Amino acid sequence: MIKLEDISSGYNKITIIKDINISFNQGTITSIIGKNGCGKTTLLRTASNLLKPFSGKISVADKPITDYSDKELARKVSFLPQLRSVPNITVYNLVMHGRYPYLGFSRTPQKHDKEIVDRAIEEMNLASYVNKNIQELSGGQRQKVYIAMVLAQNSDIIFLDEPTTYLDINHQLEILQIVKRLKQMGKTIIMVLHDLSNALSYSDNICLMEKGQIAIYDSPEGVYKSGKIEEIFNVCSQQLAVADGTKQYVFYIE
Amino acid sequence: MNLLQKFCTRINLTKSSKGYNVSVIALLIILLLIGIFLSISIGSSKISLADIVSAIRLKDQGSNNYRIISFVRIPRTIAAVLVGCALAVSGAILQSVLNNSLASPNVIGVNSGAGLFFILTAAFFPVNIYLSTIAAFIGAILAVFLVYFIARKTGASRMAIVLSGVAVSSFIGAITDTVLTLKPDTMIARAAFLIGGFSGITMDKLSFAGVFILIALIASLVLSYDMNVLALGDESAKSLGLNISRIRFSSLILAAILAGSAISFAGHIGFVGLIVPHVARFIVGHDNRLVIPVSALMGSIFTLLCDLLARVLFAPYEIPVGIIMSFLGGPFFIYLLVKGRRGQLYD
């Protein structure tokens, strides 16, 4: 479990998020939603220790995040940024980088590391691409390679910053199905999503943010019924029951 | 390069396979050994392999050939090997860590720092030739510290390092020009430093810098995997548990030690640090665990070849090695740019 208490954070001494109190339970998917500039990514970066908070305390498995060494923390928490440089590297070597927190001084992967990397590649159906350069892959395939790297990192908590942005609808849904599989493996997923419908359909919890603060943190149903989404985004919405019994959400402007 | 790849395809060695990489390194080691032999044997007086062997075994120490080999050719050959590998590895590190294809040692202020301290010793301690070597080394390291210190104030991002390198180089250049104006006698020392070369190199001068180069080379190989992780981008690398500011700083210091050591006894020798890493990546890909040793070998071979040509082309006159490097390296680099398919050379 990861817990944030009284967190204020931002960039260049400018506060972006303030008084954040939230905890993410193990084996759940939480989507952080909100308007542009409300502090979603700042919250994600702060919670994953990429950004040092101005004040407050973050703890992972009941231990302050500052008490972990870099590599110890990387074995507990992983973060997949939205904007990444695309290095000139093969799929296999990139996924192997996921084992970095576990490598010794010689940085030589052991048999156990190779087995975990092979499993991650298999899990993401990337076996036919292992020797391909990731620069030759499509955006959707590339995202799967990065998720395979996160799988190889084998952390309990995974932060994903807009994992479906720039992908076509088929790849968006494929990535969200993968996120569900990660949850079934016992991982805690916290992601920023812009697509409200997908966020409500695929998540166990929704964290709706407004002006650097949490407006509501509840189940998708609870957040939807609160009317906060309509109020904050200034949109209308409708809940639809689909054939398999699940609920889908439609948002529109009148 | 196409020939090499065609040959490898014919013998079933695919690029990036272990066999391919081992073959490339083995081939480069053979070429380096041939280069070393040619560098020692060819010159104004030709020396046979038997003479070289007997000189190494310290036989016939009174002969002319022994003196030429021991005091001229071997120091010069070692100097070319050390300078070539040091500058090439320095460039490879900088291009990777700063993610900038145009990065070379002068980007982080190495050349300007070394140049200033070289001129200062020429101006105030003109009789002590060893002091200028040490001063140039110290100048190079201090300039890089200054660049990093300024860049750190703004987060030590790649762009901050490059921009503060430009600013520091420009500032140090102004100080150098002021010293040159006030002490016109140092113009000759300045010209010698800018042209660079290996004539008059002694083992005494080499031993100081050589130790630093060897230690920095080993440290570069140790850090090469971390440099690969850093190439994923700051956020991804940090999320994997890499201490990015420590690796970036260590890499910059290693690059500065390598280039500063080379410049301290050979003067300003450009181009190797820029083009050799590109050629290395063209052959073995972007994995720094391979790029660094391949750059070291290729840098040494290229510098040996250029120095050999500089000595024999217009013998008994000698052309500065930097000129030969630009004559050979410039067109070759253009050839690679034109021939290299998208992504292979400059991504």
**OP:** Kindly express, to the nearest 10 degrees and within the range 0 to 90, the angle between helix A:169-184's C-alpha long axis and the longest C-alpha principal axis of chain A.
**Re:** 80 degrees
**OP:** Filter the trypsin sites (Lys or Arg not before Pro) in the range B:28-136 to those in DSSP coil with at most 13 other Cβ atoms within 10 Å of their Cβ, and list the result.
**Re:** B:Lys46, B:Arg57, B:Lys59
**OP:** State to the nearest 20 debye the size of the charge dipole of the range B:124-252 about its Cα centre, where the only charges are +1 on K and R beta carbons and -1 on D and E beta carbons.
**Re:** 200 debye
**OP:** Among B:Val83, B:Val147, B:Val312, determine the one that fluctuates most according to a GNM of chain B built with springs between C-alpha atoms less than 10 Å apart.
**Re:** B:Val312
Subject >> Shape category assigned to the protein assembly as shown from the gyration tensor of Cα positions, a/c cut at 1.5 >> reply: prolate
**OP:** Enter the angle in degrees (range 0 to 90, nearest 10) between the Cα long axis of helix A:111-123 and the first principal axis of the Cα atoms of chain A, meaning the one along which they spread out most.
**Re:** 50 degrees
**OP:** Place a label point 7 angstrom from the Cα of A:Arg119 along the Cα-to-Cβ direction, then list the residues of the range A:85-99 whose backbone nitrogen is under 19 Å away.
**Re:** A:92-99
Subject >> Whole-number percent relative contact order across the range A:95-254, with pairs defined as alpha carbons under 8 Å at least 6 apart >> reply: 15 percent
Original post:
To the nearest 10 degrees, how steeply does helix A:139-153 sit against the main Cα axis of chain A, on a 0 to 90 scale?
Top reply: 70 degrees
Original post:
What length, rounded to one decimal in nm, is gained on full extension from A:Phe105 through to A:Lys211, with 0.36 nm per residue of separation minus their alpha-carbon distance?
Top reply: 33.7 nm
Subject >> Environment charge at B:Ala122 (Cβ cut-off 10 Å; Lys +1, Arg +1, Asp -1, Glu -1) >> reply: +1
**OP:** Could you work out how far the C-alpha centroid of the range A:21-52 sits from that of the range A:145-180, in angstrom?
**Re:** 16 Å
**OP:** Only helices at least 15 Å long along their axis, Cα-based, and averaging 0.0 or more on Kyte-Doolittle count here, so list those DSSP H runs from chain B.
**Re:** B:18-41, B:74-97, B:110-124, B:129-153, B:158-182, B:203-230, B:244-266, B:272-284, B:288-312, B:321-339
**OP:** Would you mind giving the mean number of other chain beta-carbons within 10 Å of the Cβ of each residue in B:274-287, as a whole number?
**Re:** 1
Original post:
For the range B:51-121, what's the relative contact order in percent, using C-alpha pairs closer than 8 Å and at least 6 residues apart?
Top reply: 15 percent
**OP:** Just check chain B against the gyration tensor rule for me: Cα atoms, a ≥ b ≥ c as the square roots of the eigenvalues, rounded for a/c under 1.5, and otherwise prolate or oblate depending on whether a/b exceeds b/c.
**Re:** oblate
Subject >> Stretch gain in nm, segment A:Asn36-A:His112, where the contour uses 0.36 nm per residue and the Cα spacing is subtracted >> reply: 23.1 nm
Original post:
Once you list every other residue whose beta carbon is under 13 Å from the beta carbon of A:Tyr202, what net charge do they have if Lys and Arg are +1 and Asp and Glu are -1?
Top reply: +1
Subject >> Percentage, to the nearest whole number, of Cα pairs in chain A over 25 Å apart >> reply: 45 percent
**OP:** Starting from the Cα gyration tensor of the range B:191-291, take the square roots of the eigenvalues, sort them a ≥ b ≥ c, and report rounded, prolate or oblate (rounded when a/c is under 1.5, otherwise prolate if a/b is larger than b/c, else oblate).
**Re:** prolate
Subject >> About the Cα centre, charge dipole magnitude for chain A (Lys/Arg +1, Asp/Glu -1 at Cβ), debye >> reply: 720 debye
Original post:
Considering only DSSP states other than H, G, I, E and B, which chymotrypsin sites (Phe, Trp or Tyr not before Pro) in the range A:1-73 qualify as loop sites with at most 16 other Cβ atoms within 10 Å?
Top reply: A:Phe54
Subject >> Among the listed pairs A:Lys40/A:Lys183; A:Lys132/A:Lys183; A:Lys3/A:Lys187; A:Lys3/A:Lys52; A:Lys3/B:Lys238; A:Lys114/B:Lys18, those beyond 24 Å (Cα-Cα) >> reply: A:Lys132/A:Lys183
**OP:** Would you compute the Debye intensity of the range B:114-240 from its alpha-carbon atoms alone, equal scatterers and no solvent, and pass along log10 I(q)/I(0) at q = 0.15, 0.16, 0.19 Å⁻¹ to two decimals?
**Re:** -0.89, -0.96, -1.15
Subject >> Rough spin-label spacing in nm, given labels placed 7 Å along Cα→Cβ, for A:Ser55 and A:Lys225 >> reply: 3.6 nm
Subject >> Rounded Å value of the spacing that divides the Cα centres of the range A:186-217 and the range B:116-151 >> reply: 57 Å
**OP:** Mind giving me the nanometre distance, one decimal, between the label points for B:Arg67 and A:Val250, set 7 Å out from Cα along Cα→Cβ?
**Re:** 9.9 nm
Subject >> Overall Cα dimensions of the range B:201-257, principal axis frame, Å, largest first >> reply: 48, 15, 13
Subject >> Relative contact order (%) - the range B:83-339, alpha-carbon pairs under 8 angstrom, separation at least six >> reply: 33 percent
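Any read-out appearing in this document is the output of simple, stated calculations on the displayed coordinates, not a laboratory observation. Here the structure is a predicted model, which is why all the values come from computation and not from measurement. Using ideal geometry, Cβ is built from the backbone for each residue, glycine included, and neighbour counts are taken over all protein chains shown.
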